[in-house]
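Asker: Following this message is one structure expressed as structure tokens.
Every number here is computed from the coordinates shown, using simple stated rules; none is lab data. Fair warning: this is a prediction, and the values are worked out from it, not measured in the lab. Cβ placement follows ideal geometry from the backbone for every residue including glycine, while neighbour counts extend to all protein chains displayed.
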Amino acid sequence: MQLRNASLSAFAVLGLAGGLLVGGAADAVPAALPACVVAPPKISSFSAADRALLPDQHLAFEQWITGDAGQKANAAVQDTIAKSVPELANNNDGKGPVSDTELSLRRGIIGSAYDHNSHSIVVVADGKVADTAALGAKARSASAGLAAGVQVDVRQGCSSAADLLDALGVIKRRDWHPQAKSASFVSYLDAATSTFQISFDAADKAVAESLRARLGSRVTVTLGGAGRTDRFNDGRPHFGGSAIGVGANDNICTSGFTVRRNSDGMRGETTAGHCFNNGDAIYSGSKFHGTATGEYDYPNYDMTLVLSNSETWSPIIHVDPCCPDTRTQTGAANPSVGTTGVCISGMVSLSRCGITISSLDGNLCDQDGCTSGLIIGARADNGIIDQPGDSGAPVYTRPGSSTATARGGGIGQKNNGTIMCAERISNITAHLGVTVLT
Amino acid sequence: MSHRIRTAALPLLAALLVAGCAARTGDADGDLVADAPSPTAAASGGRAVPDLHRVAADDAMKRLAGQQLVGQARYVADAGTPPGLVVRTEPAAGAAVAANSVVVVEISGEGGAEDPAGVTLGELAERHPEAFVGTFIEAGKTVVATNPGTKVADWRARLDKAAAGAKYEVRACKHGWSELAQVKSTLTIRDWSADASKISFGLEIDASRCAVKLSSTQLTDADAKLLQDRYGDRLLLDRNSSAGRT
């Protein structure tokens, strides 16, 4: 199991608190939160204008961080955090013998979160270990002038770094219960609450309760949503970038980003339309994902959804083989011609970065017909980036060390896999009527 | 991955066949149809401009392309329409036009008709197809390819601002964006041979060559000759590059 050093958004945090892994009512939380907790957005108190769905499919109140300026500011802050933990640079991007989480905690860094109420990027740390004043000054300096109105806040975590390192040790050793070593669970350190969020299969209730008793307030344990989540056998909560197919153990394509359908809030994932027919039951390896839904106007629109009310989804994509192996979705925006550092993460080619966009108006034609308005991109070294089976893959950029901005969804290739063809994220969200989960 | 029979695609394929027949009649010599709407277009195999009012700009362009029409963006100030959505089209919705016609799509701009702050050279070129074919990188430098007749002096201040101090070069193309976009649209009708609709290929406007690049390893010699004869230097054939869905 990978310990996930991702800081989920306040939405995900609330979902966990409510027993769901993603989503949930953002206002269904205690009115008075400890000062150490990064408050979730008070959506019901926002104006209709702030709750409006914008053309980029984000809600208006998110624009301070999902917009280009906010993304630049966030990237600067994330870079500052990373530099405050110099050991990360030599940790093979999370694949070293010690996890990034542990290295960060040793330096007193718990992580970062986003406060939609105050428009703040919040760095959460243990002031007894980290020089929070210096860290805050550096982060503010790095992000100064990049995004008007975006604040950088450094906050004392709810638990000390030492207590969290102790908890991490317990989780890593898997010795808190006789069945702990055989239980399936997903775990990551959530900076917004300074707790390890751990989700177990319902069958492992005793193991989960034992861990809750052992770690107390340092952990938030949920049941009913866990499984080994490698991209070829992606269990609950499901991630984008998973290998998927019709029926069990027949992966043929790749899922894109996890999304919320605007009409009814149903969760799911995007993928390429040519992969499936509406009504197909979609699995990742042996794990059920949902039903293919919403494909229309194919082939001009080569996109579809996999939705399910019974499954759970996280705003995370697989980006293995490394560096790190997952990323949290924090925004969505089309690239431009000349955008560099673009990545695509398909099940065959895995994550490939260093792509430069050369066109936003390509066409791909075959016996099905033509698909228009495509993102065209390639690496300067003409490396292979998109192969059969990669269709649907998330196309993204990396605003921070563990985050991803959704840019598009792969559908095809040119020049023997060295050029990718992808639907724009704006067209995916508009045509399918969905919002990328963040 | 197995190919599946798609009943949903049949109506569109039928439409493509109809469009293809019409285009063969009108475009046999490779000339492009006029931009202006024709009252007889619908009767001669043309199509009606769809209603794109308040549709997201990218989606509007895609819908037009799906009907073998060329959407050309024009950013305008319109306080009543949220930024990024279509205000109106020219010709207006419902007008009959021939296949491959240019439809100007007026989009509510974030800053009105002005370019947003921080716009890059690539974004500037994308926003102004009336002046630019596109951009590309050459020897580490951005090159801006302009339409014939573009007065670079009129654009110099905006280009300099978009370049943000970086070196760039301006190069004039023999063929303009709308002409090349129409060539690209025409090629999606796939009327050059009986088997054209069965092959896989990619299309894009290659600003570095001022041409439409068609990539496919499935073109026959006869196909290649016919296409090159038809489109001349507006078309660049790359027969060593495969293309297909993955």
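Asker: Treat every Asp and Glu Cβ in the stretch B:121-172 as -1 and every Lys and Arg Cβ as +1, leave all other atoms uncharged, and give the resulting dipole magnitude about the Cα centre to the nearest 20 debye.
Answerer: 160
Asker: Further, regarding this structure: May I ask you to sort A:Cys365, A:Cys158 by Cβ crowding, counting other Cβ atoms within 10 Å and putting the fewest first? All intermediate terms of the calculation are to be shown ahead of the outcome.
Answerer: On the way: A:Cys365 26, A:Cys158 20.
Fewest to most other Cβ atoms nearby, the residues stand as A:Cys158, A:Cys365.
Asker: Sticking with this one: Amide H neighbours of B:Val212 under 5 Å, at least 5 residues apart or on other chains, H built in the peptide plane: list them.
Answerer: Residues meeting the amide H criterion: B:Asp206, B:Leu235, B:Leu236.
Asker: Another question, then. Can you work out the base-10 log of I(q)/I(0) for the stretch A:253-373 at q = 0.14, 0.18, 0.23 1/Å, using the Debye formula on its C-alpha atoms alone?
Answerer: -0.71, -1.17, -1.50
Asker: Cα axis of helix A:205-215 to longest principal axis of chain A: angle in degrees, 0 to 90, nearest 10?
Answerer: Here the helix axis deviates by roughly 50 degrees.
Asker: Hey, how many Å between the Cα centroid of the stretch A:292-354 and the Cα centroid of the stretch A:264-287?
Answerer: After rounding, the separation between the Cα centres reads 13 Å.
Asker: So what does the Cα-only Debye profile of chain A read at q = 0.06, 0.08 Å⁻¹, as log10 I(q)/I(0), no solvent term?
Answerer: Each listed q corresponds, in turn, to -0.23, -0.41.
Asker: Take the Cα of A:Asn416, step 7 Å along the line toward its Cβ, and report every residue of the stretch B:200-236 whose backbone nitrogen sits under 15 Å from that point.
Answerer: Residues B:216-218 qualify, since their backbone N sits under 15 Å from the label point.
Asker: List the residues, sorted by chain then number, that are 5 or more residues from A:Thr195 or on another chain and whose placed amide H is less than 5 Å from its amide H.
Answerer: Those qualifying (amide H under 5 Å, at least 5 residues apart or on another chain) are A:Asp190.
Asker: Here is a follow-up. How high is the relative contact order of chain A, in percent, counting Cα pairs under 8 Å that sit 6 or more residues apart? Walk me through the numbers before you get to the answer.
Answerer: Details: 1177 pairs, mean separation 63.4, N = 438.
Over chain A, the number comes to 14 percent.
Asker: Let me ask another. Can you give the FRET efficiency for A:Ala60 and A:Lys128, using 1/(1 + (r/R0)^6), R0 = 30 Å, r = Cβ-Cβ distance, to the nearest 0.05?
Answerer: E between A:Ala60 and A:Lys128, to the nearest 0.05, is 0.15.
Asker: Which whole number gives the average, over all residues in A:333-340, of C-beta atoms from other chains lying within 10 Å of the residue C-beta?
Answerer: Details: counts 0, 1, 1, 10, 13, 11, 3, 1.
Counting Cβ atoms of other protein chains within 10 Å of each residue's Cβ and averaging gives 5.
Asker: In debye to the nearest 20, how big a dipole does chain A give about its Cα centre with +1 on each Lys and Arg Cβ and -1 on each Asp and Glu Cβ?
Answerer: Around 1140 debye, computed over chain A.
Asker: Please list 3J(HN,Hα) in residue order for the stretch A:133-138, calculated via the Karplus relation 6.51 cos²θ - 1.76 cosθ + 1.60 where θ = phi - 60°; whole Hz, with x for glycine and proline.
Answerer: Going residue by residue, I get 5, 5, 4, x, 4, 5 Hz, with x marking Gly and Pro.
Asker: Place the peptides B:83-93, A:416-426 in order of packing, highest mean first, counting for every residue the other Cβ atoms within 10 Å and averaging per peptide.
Answerer: Top of the packing list down: A:416-426, B:83-93.
Asker: Ratio to report: Rg/Rh of the stretch B:177-238, with Cα atoms as the point set and Rh obtained by the Kirkwood method; give two decimals.
Answerer: 0.92
Asker: Right, another one. Based on alpha-carbon centroids, what's the gap between the stretch B:180-216 and the stretch B:124-163 in Å, whole number please?
Answerer: The stretch B:180-216 and the stretch B:124-163 have Cα centres spaced 24 Å from each other.
Asker: Continuing with this model, one more query. What average number of partner chain Cβ atoms lie no more than 10 Å from the Cβ of the residues making up A:427-438?
Answerer: Taking the mean over all residues of the peptide, I get 2.
Asker: Shifting gears a bit: Can you show me the helix-derived [θ] at 222 nm for chain A, built from DSSP H runs with n ≥ 4 at -39,500 (n - 2.57) apiece and divided by the number of residues, rounded to the nearest 500.
Answerer: -5500 deg cm²/dmol
Asker: Per-residue mean of other chain beta-carbon atoms within 10 angstrom of the beta-carbon, peptide A:414-423?
Answerer: If you average over the peptide's residues, the count of other-chain Cβ atoms is 5.
Asker: Turning to a different aspect of this structure: Label A:Lys83 and B:Glu138 with points 7 Å out from Cα along Cα→Cβ: what is the distance between them in nm?
Answerer: 3.7
Asker: With r as the distance between the Cβ atoms of A:Ala32 and A:Gln151 and R0 = 22 Å, compute the FRET efficiency 1/(1 + (r/R0)^6) and round to 0.05.
Answerer: Efficiency computed from Cβ-Cβ geometry: 0.50.
Asker: So how many Å³ per residue does the convex hull of the Cα atoms of the stretch A:149-224 work out to?
Answerer: Value for the stretch A:149-224: 90 Å³ per residue.
Asker: Given a Förster distance of 51 Å, report the FRET efficiency between A:Thr340 and A:Trp176 from their Cβ-Cβ distance, rounded to the nearest 0.05.
Answerer: 0.65
Asker: Moving on to the next point. In whole Hz, what ³J(HN,Hα) sequence does the stretch A:268-284 give by Karplus (6.51, -1.76, 1.60; θ = phi - 60°), x for Gly and Pro?
Answerer: x, 9, 8, 6, 7, x, 6, 6, 9, 10, 3, x, 5, 7, 9, 10, 10
Asker: Here's another thing I want to ask about it. Could you check the spin-label model distance between B:Ala92 and B:Ala79? Points 7 Å from the Cα along Cα→Cβ, value in nm.
Answerer: Between B:Ala92 and B:Ala79, the label points sit 2.3 nm apart.
Asker: Please sort A:296-305, B:107-116 by packing, taking for each peptide the average over its residues of neighbouring beta carbons within 10 angstrom, highest first.
Answerer: A:296-305, B:107-116
Asker: To continue, here is another question. Tell me which residues come under 5 Å, amide H to amide H, from A:Gly240 once H is placed; ignore anything under 5 positions away on its chain.
Answerer: A:Thr258, A:Ile316, A:Ile317, A:His318
Asker: Also: Can you pull the one-decimal nm distance between simple spin-label points at B:Glu169 and A:Ser47, each 7 Å off the Cα toward Cβ?
Answerer: So the two model labels end up 5.0 nm from each other.
Asker: For the stretch A:113-202, what relative contact order do you get, as a whole percent, if you take Cα pairs closer than 8 Å and at least 6 residues apart?
Answerer: Taking the mean separation of contacting Cα pairs over the length of the stretch A:113-202, I get 27 percent.
Asker: A further question on this structure: Ranking request for peptides A:376-387, B:141-152: highest mean number of other beta-carbon atoms within 10 Å first, then the rest in descending order.
Answerer: Numbers: A:376-387: 19.1, B:141-152: 17.5.
Going by the mean number of other Cβ atoms within 10 Å, highest first, we get A:376-387, B:141-152.
Asker: So how strong a dipole does the stretch B:177-238 carry about its Cα centre when Lys and Arg Cβ are +1 and Asp and Glu Cβ are -1, to the nearest 20 debye? The partial results should precede the final answer.
Answerer: Working: 8 positive and 10 negative charges, 20 e Å.
About 100 debye.
Asker: Additional query: Can you check what the net charge comes to around A:Ser359, using other residues whose Cβ is under 9 Å from the Cβ of A:Ser359 (Lys, Arg +1; Asp, Glu -1)?
Answerer: Result for the neighbourhood of A:Ser359: -3.
Asker: Which semi-axes, in whole Å and largest first, does the equivalent ellipsoid of the stretch A:327-389 have when worked out from the alpha carbon gyration tensor as the square roots of 5 times its eigenvalues?
Answerer: On the way: eigenvalues 76, 50, 36 Å².
That gives 19, 16, 13 Å for the three semi-axes.
Asker: So, one more: Could you work out Rg/(2.2 N^0.38 Å) for the stretch A:97-178, with Rg from alpha carbons only?
Answerer: This ratio for the stretch A:97-178 stands at 1.29.
Asker: Oh, and also: Go ahead and set up a Gaussian network model of chain A, Cα springs under 10 Å, then flag whichever of A:Asp166, A:Asp320, A:Asp390 fluctuates most.
Answerer: A:Asp166
Asker: As a footprinting exposure proxy, order B:Leu214, B:Leu226 by other Cβ within 10 Å, with the fewest listed first.
Answerer: Going from least to most buried by this count: B:Leu226, B:Leu214.
Asker: Quick one: which of A:Lys72/A:Lys138; A:Lys414/B:Lys174; A:Lys83/A:Lys128; A:Lys42/A:Lys128; B:Lys62/B:Lys161 span more than 21 angstrom between C-alpha atoms? Write down the numbers at each step before the final one.
Answerer: On the way: A:Lys72/A:Lys138 15 Å; A:Lys414/B:Lys174 26 Å; A:Lys83/A:Lys128 19 Å; A:Lys42/A:Lys128 31 Å; B:Lys62/B:Lys161 30 Å.
In this structure, A:Lys414/B:Lys174; A:Lys42/A:Lys128; B:Lys62/B:Lys161 exceed 21 Å between Cα atoms.
Asker: Could you work out the Rg to Rh ratio of the stretch B:121-172, with Rh taken as the Kirkwood radius (inverse of the mean 1/r over all Cα pairs)?
Answerer: 0.91
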